[in-house]
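This report refers to the structure that appears directly beneath it.
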Amino acid sequence: MTMKSTLMSGGVPSGLPGSEKLADVRQLSDVQFRSLGLRKVAYMRPALTDDGEDGCAICAADGSVLAVVDDPETAWGAIMQNDMVPASLQ
């Protein structure tokens with residue numbers, strides 16, 4: 001699914017092809033919305049490693065756990081090495 005944004009005036013921002021069908025993000029299903037950024041956005045949260053020690057989970061945009069590593073520095077490195085964008089949860 002290709003998504004683009006539109007300007008307040010209804011036009012397409014420069015650099016985006018105008019022939020593609022625009023998607024209104026307000027009309028996406030829950031599943032479609034959760035899949036936005038799924039392969040590009042990751043966040044970290046505390047978790048236990050396989051041996052029961054404190055660690056750090058790397059999670060995809062939909063909350064699924066991609067990996068559990070020993071510490072936040074390793075998680076950050078793995079996110080960056082895989083060309084993902086780290087997201088801050090607040």
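Might you report the magnitude of the Cβ-based charge dipole of the range 50-90 about its Cα centre, with Lys and Arg at +1 and Asp and Glu at -1, to the nearest 20 debye? Write out the running numbers ahead of the final one.
Numbers: 0 positive and 9 negative charges, 59 e Å.
Computed charge dipole of the range 50-90: roughly 280 debye.
Could you size up the charge dipole of the range 29-80 around its Cα centre, putting +1 on the beta carbon of Lys and Arg and -1 on that of Asp and Glu, and report it in debye to the nearest 20? Mind dumping the intermediate values first?
On the way: 4 positive and 9 negative charges, 102 e Å.
Charge dipole, the range 29-80, about its Cα centre: 500 debye, nearest 20.
R0 = 35 Å: FRET efficiency of Leu66 with Asp24, Cβ-based, nearest 0.05?
Details: r = 30 Å, r/R0 = 0.84.
Efficiency for this residue pair is about 0.75.
All of the numbers you see were taken from the coordinates with simple rules; none came from a lab. Not measured: the values here are computed from a predicted model. When we count neighbours, we look across all protein chains shown, and the Cβ atoms used for this are built from the backbone with ideal geometry, even at glycine.
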